[in-house]
Amino acid sequence: MDPNTDDTRPAFRARTAELAVAGLFFLVGAIIIFDSVRLGARWAADGPQPGYFPFYLGVIICLSSLINAIGSLALRGPRNRSFVEVGQLRLVLSVLIPSAVFVGLVSWIGIYVSAILYIALFMRWLGKYAWWKLLSVAFGVSITFYLIFEMWFKVPLPKGPLEALLGLD
Amino acid sequence: MDELQSLMHGFAVALTPTNLALMFTGIVLGVIIGVLPGLGGANGVAILLPLTFSMAQTPGGQTSAIILLSCIYWGALFGGAITSVLFNIPGEPWSVATTFDGHPLAQQGRAGTALTAAFTSSFVGALIAVIVVTFLSPIVASFALEFGPPEFFAVYLLTFCAFVGMSKEPPFKTLAAMMTGFALAAVGTDPVTGALRFTFGSVYLLDGFDFLIAVIGLFGIGEIFLTLEEGLAFKGASARINLGVVLETWKELPRYWLTSLRSSVVGCFMGIVPGGATPASFMSYGVARRFSKNGDKFGSGQVEGVVAPETAAHAAGTSALLPMLTLGVPGSPTAAVLLGGLLIWGLQPGPLLFVEQKDFVWGLIASMYLGNIAGLIVVLTCVPLFAAILRIPFSVIAPVIVVVCAIGAYTVHNSIFDVWMMVVFGVLGYLFKKLQYPLAPMVLAIVLGDNAEASFRQAMLMSQGDMSILFSNGLVGGITTLALALLAWPLVTWLWRRARGS
């Protein structure tokens with residue numbers, strides 16, 4: 001295990017996180033209001049316009065996020081506890097980033113090859129397993145999924161150049 | 001007794017070799033899903049849903065598909081108890097309350113007793129709830145046949161106000177999450193006028209957000225991140241259940257019949273009114289502690305403290321299917337995913353289902369009896385096997401679960417964009433969960449958004465924009481008033497606390 005995941009200093013405090021998420025909600029609400037007004041949020045001759053219902057959703061989202069933001073301002077001193085510690089954040093990112101890379105690879109080399117790479121590197125990086133262990137798990141999982149999805153349930157998953165080369169497409 | 005006759009017919013539908021095999025497969029898969037971190041009832045069913053698309057096109061296949069998926073749900077409900085008792089990690093949110101007394105029992109070397117008590121009371125809770133579903137749902141369905149758009153909108157209003165009133169999350173966070181769910185549901189083509197809403201010229205957004213993707217991301221990926229924070233190693237008690245322990249526990253359990261009954265009532269109520277299994281389990285734990293003779297010993301390993309939350313969680317989880325089938329309004333996220341399945345297979349949930357799809361409805365209800373018996377047998381006999389799954393290190397299991405989630409998200413529409421959305425929803429799920437934004441109402445809003453908006457607009461067309469149509473007769477007025485009362489409930493308790501404080 002990476003030794004510096006034991007770092008317990010707060011990376012973010014609760015208030016920062018609360019304000020950021022409330023701001024995100026406010027932004028979503030504002031976008032909804034904006035587009036609802038563009039579509040027409042009134043009552044037309046033939047009934048409510050397309051933006052009539054969403055307009056009020058946007059208003060409620062904005063008002064709620066304002067109230068949540070004001071509420072989070074009261075988090076001071078000890079109540080403004082750590083939202084996530086540096087070590088924890090590092091662990092979370094060490095899963096998030098490889099996962100994002102994995103998803104990015106799927107469109108290039110197909111899901112089976114990316115899954116092998118992803119599982120093997122993940123086990124190597126976070127688990128420090130021996131090569132034969134991680135290769136058997138990675139290949140085993142990928143081949144099992146191939147059998148389940150392509151053979152048994154006939155659900156095609158994204159494939160890349162390797163499958164084309166092996167004639168499995 | 002029309003219901004009994006229909007139920008017997010349902011047993012005939014459910015008791016085919018294929019369906020029985022699917023039932024056991026579903027239960028085993030469900031328990032595994034319930035035991036694994038990051039996979040739970042809702043996203044487990046969501047990931048496996050695309051696999052049933054082709055199954056549902058064969059004659060009688062819709063019934064087989066719902067039996068498979070609902071048994072995964074029962075299995076996941078059972079599986080949550082295993083991790084709570086042995087590892088002190090609630091596999092599912094509704095088994096948090098089970099850890100309070102279940103894990104101390106395991107530490108005292110009485111894991112077998114705790115697990116037997118948990119499984120048996122789960123079974124009892126589910127059984128009582130199925131009986132309620134059997135006899136109450138035809139009545140609710142025939143009643144709901146008369147519903148028009150205002151009544152349906154009032155039911156939706158009640159569903160969502162219940163979340164604000166009953167969840168333990170701050171009310172304005174519930175509101176923000178819920179309304180964002182509705183907004184996500186509105187993205188794409190407006191069903192009434194055909195106008196494009198909130199797409200901003202992007203082709204990916206034309207079809208809107210699929211709630212299955214949201215469920216897989218919010219509950220699956222988000223949960224993995226949360227589990228990671230706790231570190232990479234699980235430390236658990238070992239478990240052996242032998243016949244002696246089971247019989248001994250069963251001899252003890254009848255003593256808690258009153259607790260069971262109370263918890264079942266709490267559970268059924270919370271399942272039908274969409275409070276959900278999680279609040280039900282907490283509420284019934286609290287009630288049991290207050291009424292029990294040994295109330296002050298709760299938390300130190302009381303069997304009664306395992307019985308209460310488990311009974312309620314299963315009763316709630318099971319009875320959540322009642323509003324899903326009869327009104328098309330699911331009572332829990334997993335019921336919402338099952339409802340999504342029905343829609344994809346071409347069935348319209350709601351009162352007409354009981355008239356037009358008798359085989360399907362009664363086959364499902366019969367399978368609920370059988371599935372829970374199968375579940376009890378499976379979990380009592382295979383506990384060591386399932387506990388072994390939890391001993392697989394997280395650095396092996398986490399990437400596999402991410403791959404499973406990605407495949408599940410991809411197969412919904414065969415689109416890589418959906419897999420990206422799953423990652424985004426995963427990050428949001430992590431943030432929301434840490435900041436106490438509830439996920440269940442958000443998911444339910446994405447599922448029901450289009451229907452809720454349609455019934456609102458139809459009701460407004462009927463009344464030419466006059467809101468008073470929501471009070472136009474006793475029925476719709478009663479539901480609306482109840483909804484508004486629930487919505488105001490947090491305000492009332494806040495004022496009450498202030499008044500008493502000063």
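Among residues that are in contact (Cβ under 8 Å) with a residue 12 or more places away in the chain, surrounded by fewer than 20 Cβ atoms within 10 Å (Cβ to Cβ), in a helix (DSSP H, G or I) and in the same structural domain as A:Leu121 (by TED's automatic domain parsing), A:Arg90 is included. A:Gly29 meets each of the listed conditions (1) surrounded by fewer than 19 Cβ atoms within 10 Å (Cβ to Cβ); (2) more than 27 Å from B:Ser463 (Cβ to Cβ); (3) facing another protein chain (nearest Cβ under 9 Å) apart from (1).
Being at pLDDT 90 or above, more than 9 Å from chain B (Cβ to nearest Cβ) and under 22 Å from the mean Cα position of the chain (by Cα) holds for only one residue in A:Ile116, A:Ile111, and it is A:Ile116. Of the residues making up segment A:119-142, those that are free of Cβ contacts under 8 Å to residues at least 12 places away in the same chain, over 25 Å from the mean Cα position of the chain (by Cα) and part of a helix (DSSP H, G or I) are A:Trp131, A:Trp132, A:Lys133, A:Ser136, A:Gly140. Could you tell me whether segment B:90-99 includes any residue that is closer than 21 Å to B:Leu212 by Cβ, in contact with a Phe, Trp or Tyr (Cβ under 6 Å, 6 or more places away or on another chain) and assigned to a helix (DSSP H, G or I)? No: segment B:90-99 contains no residue that is closer than 21 Å to B:Leu212 by Cβ, in contact with a Phe, Trp or Tyr (Cβ under 6 Å, 6 or more places away or on another chain) and assigned to a helix (DSSP H, G or I). Only one of the numbered conditions (1) surrounded by fewer than 20 Cβ atoms within 10 Å (Cβ to Cβ); (2) assigned to a loop (DSSP other than H, G, I, E, B); (3) hydroxyl-bearing (Ser, Thr, Tyr) is violated by B:Thr381, and that is (2). Consider segment A:3-36 and keep the residues that are of a type in the set (Ser, Thr, Tyr) and at pLDDT 85 or above. The one that is nearest to A:Leu73 (Cα to Cα) is A:Thr16. Against the list (1) under 14 Å from B:Ala406 (Cα atoms); (2) assigned by TED's automatic domain parsing to the domain that holds A:Ala17, the condition A:Arg76 fails is (1).
Please verify whether B:Ala126 is touching a residue at least 24 places away in the same chain (Cβ under 8 Å), crowded, with 24+ Cβ neighbours inside 10 Å and either of a type in the set (Lys, Arg) or under 23 Å from B:Thr326 (Cα atoms) (or both), treating the condition exactly as stated. In short, yes.
Residues of segment A:85-97 being more than 7 Å from chain B (Cβ to nearest Cβ) and more than 12 Å from the chain's Cα centre (by Cα), which ones? Matches in segment A:85-97: A:Glu85, A:Val86, A:Gly87, A:Leu89, A:Arg90, A:Ser94. For segment B:350-387: of the residues being over 22 Å from B:Cys71 (Cα atoms) and among the hydrophobic types (A, V, I, L, M, F, W, C), which is farthest from the other protein chains (Cβ to nearest Cβ)? Here the answer is B:Val355.
Using the structure shown, decide if B:Pro50 is within 14 Å of another protein chain (Cβ to nearest Cβ) and either buried (at least 24 other Cβ atoms within 10 Å of the Cβ) or at pLDDT 80 or above (or both). Taking the combined requirement at face value, the residue satisfies it. Where helices (runs of 4 or more DSSP H) fall wholly inside segment B:148-266, the ranges with 2 or more residues that are without any contact (Cβ under 8 Å) to a residue 12 or more places away in the chain and either closer than 30 Å to B:Gly109 by Cα or basic (Lys, Arg) (or both) are B:243-252. None of A:Lys159, A:Lys154 is on the phi > 0 side of the Ramachandran plot and either more than 23 Å from the chain's Cα centre (by Cα) or surrounded by 16 or more Cβ atoms within 10 Å (Cβ to Cβ) (or both) except A:Lys154. Of the set (1) under 24 Å from the mean Cα position of the chain (by Cα); (2) touching a residue at least 12 places away in the same chain (Cβ under 8 Å), all apply to B:Phe394 but (1).
The values are calculated or read from the model by the stated rules, or taken from the named source; none is laboratory data. Since this is a predicted model, take the numbers as computed values, not measurements. When we count neighbours, we look across all protein chains shown, and the Cβ atoms used for this are built from the backbone with ideal geometry, even at glycine.
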